[in-house]
Amino acid sequence: MASLRTLLARPWIWSFFGALLVWLATIAFTGGYGGGGMITAALSLAVFTVIVGVGQMFVITLGPGNVDLSLPANIGLASAVAMKVMDGNDAMIAVGLLAALACGMAIGAVNYLLIWALRIPPIIATLSASFVIQSVDISYGRGLQIKPPPGFADFTNWQVFGIPVLAILTVLFTIGAGIVLQRMIYGRSVLAIGQNIRAAWLAGVSVGRTRFLTYMLSGALGGLDGALLAGYFRGANVDIGNEYLLASIAVVVIGGTSVAGGKANVPGVWGAALFLVLLLTMLNTFGVSVGVRLVLTGLIIVGVITAAGGQKALR
């Protein structure tokens, strides 16, 4: 009983519990048909939200006001850069991925330089940067018809016993992110800055460098996500990252990371991503209209956040 209470006290468990309830409701509606396929599809789509969600989680953990609103534009531009560099050639896959990462890292660096040099809030700096990035993407990627290399497209859709390989690799990546956050100097510095930036500075933490690296990390993960999305959906698109702005923030909050900073939750990002994907699947299965779907999604998210400890965060 005590172990059950301990488990329920962990914020991340509620996101997985919500995902399970949504899945059970959907298969009950369909009479048990397609339950396994639904899990496979959810894992495939959740991967992309998890990748950008981890980057957003590190940024939000830095403290109040820190958020990366340039991710959708970053994803769109990186998808075009990756496809352009790969040019449909399997031999250029690695180079294309490196180009997407470099593109994302450059965007992350510019984001922080705007924050540091102009002394403006991160939400304003990253939003302003997103408009510039989107303009570059439109001029560079609009009408781009280059397909991903066959090997890359196959890899992003590859499954082993019904489990997407990308999902397996992303689980390993999130385990690594958790180790970095809890066991390495950089991760502990991020947590310390989020808890009290002045105390972290007095303790010898390089605040500026840590924030710079964190925004670059978020940018790099956005760039990687853009390349993977282009491979999965068989091509780059200017709007390919639009849905990941609110989704990247929602999975962080639903997953148990504190918006006040200083407290991150890596497992919760996975649970929240699966919850959002399965929720959308359930509402589509029920034939709910777009307007009602948005209202229900918002209400359910509020409910999950409250169950996960929203009242505790207010005290």
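The values are calculated or read from the model by the stated rules, or taken from the named source; none is laboratory data. A quick note: this is a predicted structure, and the numbers were derived from the prediction, not measured. All Cβ positions, even for glycine, are placed from backbone atoms using ideal geometry, and neighbour counts span all protein chains on display.
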(request) Any chance you could count how many residues in region 88-120 are touching a residue at least 24 places away in the same chain (Cβ under 8 Å), assigned to a loop (DSSP other than H, G, I, E, B) and either surrounded by 14 or more Cβ atoms within 10 Å (Cβ to Cβ) or among the basic types (Lys, Arg) (or both)? (result) 1
(message) Criterion first (under 19 Å from Leu71 (Cα atoms) and surrounded by fewer than 19 Cβ atoms within 10 Å (Cβ to Cβ)) does Leu172 satisfy it?
(response) no
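Look at region 58-87 and say how many of its residues are part of a helix (DSSP H, G or I) and under 30 Å from Pro121 (Cα atoms).
15
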(message) So Val277 passes all but one of these: (1) more than 28 Å from Asp137 (Cα to Cα); (2) modelled with pLDDT under 90; (3) surrounded by 19 or more Cβ atoms within 10 Å (Cβ to Cβ). Which condition number does it fail?
(response) (1)
(request) List the number of the failed condition for Asp239; all other conditions in (1) within 12 Å of Leu71 (Cα to Cα); (2) part of a helix (DSSP H, G or I) hold. (result) (2)
(request) Report the residue count in region 232-266 for those that are surrounded by fewer than 21 Cβ atoms within 10 Å (Cβ to Cβ) and on the phi > 0 side of the Ramachandran plot. (result) 3
(message) Which condition from (1) outside any helix (DSSP H, G or I); (2) within 19 Å of the chain's Cα centre (by Cα); (3) surrounded by fewer than 18 Cβ atoms within 10 Å (Cβ to Cβ) is the one that Ile179 breaks?
(response) (1)
(request) From the list Leu229, Leu217, pick out the single residue that is of a type in the set (A, V, I, L, M, F, W, C) and buried (at least 23 other Cβ atoms within 10 Å of the Cβ). (result) Leu229
(request) Filter region 121-175 for residues that are at negative phi, part of a loop (DSSP other than H, G, I, E, B) and without any contact (Cβ under 8 Å) to a residue 24 or more places away in the chain and give the result. (result) Trp158
(message) Please verify whether Leu246 is in a helix (DSSP H, G or I), under 30 Å from Leu43 (Cα atoms) and either over 20 Å from the mean Cα position of the chain (by Cα) or modelled with pLDDT of 95 or more (or both), treating the condition exactly as stated.
(response) no
(request) Return the total of residues in region 196-228 being of a type outside the set (A, V, I, L, M) and either in contact with a Lys or Arg (Cβ under 8 Å, 6 or more places away or on another chain) or not in a helix (DSSP H, G or I) (or both). (result) 3
(request) Identify all residues within region 182-208 that are surrounded by 15 or more Cβ atoms within 10 Å (Cβ to Cβ) and either within 13 Å of Ala264 (Cβ to Cβ) or out of contact with any helix residue (DSSP H, G or I) (no Cβ under 9 Å at 6 or more places or on another chain) (or both); write none if there are none. (result) Tyr186, Gly187, Arg188, Ser189, Val190, Leu191, Ala192, Ile193, Gly194, Gln195
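Here's the yes/no breakdown for (1) aromatic (Phe, Trp, Tyr); (2) farther than 23 Å from Asn196 by Cα:
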| position | (1), (2) |
| --- | --- |
| Thr40 | no, yes |
| Thr49 | no, yes |
| Gly55 | no, no |
| Phe58 | yes, no |
| Thr61 | no, no |
| Pro72 | no, yes |
| Val81 | no, yes |
| Ala91 | no, yes |
